[in-house]
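Report on the following structure.
Each value in this text was obtained by applying a stated rule to the coordinates, not by laboratory testing. This one's a predicted model, so the numbers in the text were calculated from it and none came from an experiment. Virtual Cβ from ideal backbone geometry, glycine too; neighbours counted across all protein chains shown.
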Amino acid sequence: METRPVPPASRFSDYLAPSQVVYDLKSKDKVEAIEELLDVLAKQKLIDNKKLLLTRIIDRENLVSTAIGCGVALPHARVDAGGGIAVAAGRSERGIDFDAHDGQKVHLIILVVWNPSLPGLFNHLFAGLARFLIRPENRGRILAAKDRAELYDILSKIEFRFVHEEKIVSRARLLKKLQELELKKKRKGTKDQQKELQKQAAMIREELDRDLLSRFDRLMERYGFAVADAVDGVCQGCNINISTQMDSAMEDSNDIYVCENCGKYLVSARKKKK
Ligand SMILES: [Zn+2]
């Protein structure tokens, strides 16, 4: 199992074989489902440390859910698992609770384990998968697939474009969690607590873009916070209305927006249950 360089463009079939696809997951909950997919990878000898991976993926999951909304989750870990990248995909007819921000059960789980020696690769995969899965017609086809072969056929054709300085689908909730951790770090705590906060912050930082992080750090330094909630069309950082256009684009999106007035990163607040 050797590490291969990131090609300029590729398809999901470069990473996913039919044997890495589960047509209907047996698992009923999140942890079981992640384990079921790791078993698939272990059976294919794509990973050699399932226990460690399970712990790492669950730790990451508990930090911020990897459910991206609309019934899709992308659990992942950046760990040297003995190879470059290992991917497994599972579909769940009944749906699995993944603590998604939109409250929807997850019907497609794509688990990704990638080697730390491949910087950027996960972000490209994540962006490509999100771009494909954001379209309702694509999700519909996945759910309607009648067997594993058809499911594989749909997934294998997903394209990844490794264009220049990445236009990555950023993850606003991850940035918000990072702010929470950075603020906690400033408060007094025991050495162990500080160490744990540091570990969690590092886990998030390694997933985010460098430009995004440097802007985040500058805002934190200057204002003490960098991310503001957008509630009912109003930026909570400056109390100014957000343009209607941006507000509707933000709804149910996990992209990162910047307040045109105060420059803070905006996160659409969880919608109140009606
Ligand atoms: Zn603002």
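The Kirkwood hydrodynamic radius of region 172-268, based on inverse pair distances between different Cα atoms, is 14.0 Å. Modelled label positions at Lys50 and Glu196, each set 7 Å beyond Cα in the direction of Cβ, lie 2.9 nm from each other.
Each of Ser19, Ser268, Ser65 was scored by other Cβ atoms within 10 Å of its Cβ. Arranged with the fewest first, they read Ser19, Ser65, Ser268. Taking all C-alpha pairs of the chain, those more than 25 Å from each other amount to 48 percent. Region 9-161 has equivalent-ellipsoid semi-axes of 20, 18, 16 Å, by the square roots of 5 times the alpha carbon gyration tensor eigenvalues, sorted largest first.
Which residue, Ile57, Val79, Asn239, has the largest displacement toward the positive end of the dipole of the chain when charges sit on each Cβ (Lys, Arg +1; Asp, Glu -1)? Result: Asn239, furthest along the dipole toward the positive end. Legend: calculated FRET efficiency, Val234 to Leu183, from the Cβ-Cβ distance at R0 = 30 Å, rounded to 0.05, equals 0.85.
Of the beta bridges in the chain, as assigned by DSSP with both residues counted there, near 60 percent are antiparallel.
Here region 36-89 has an Rg and Dmax of 11.3, 32 Å, counting Cα atoms alone. The spread of Cα positions in region 70-141, taken along each principal axis and listed from longest to shortest, comes to 34, 21, 21 Å.
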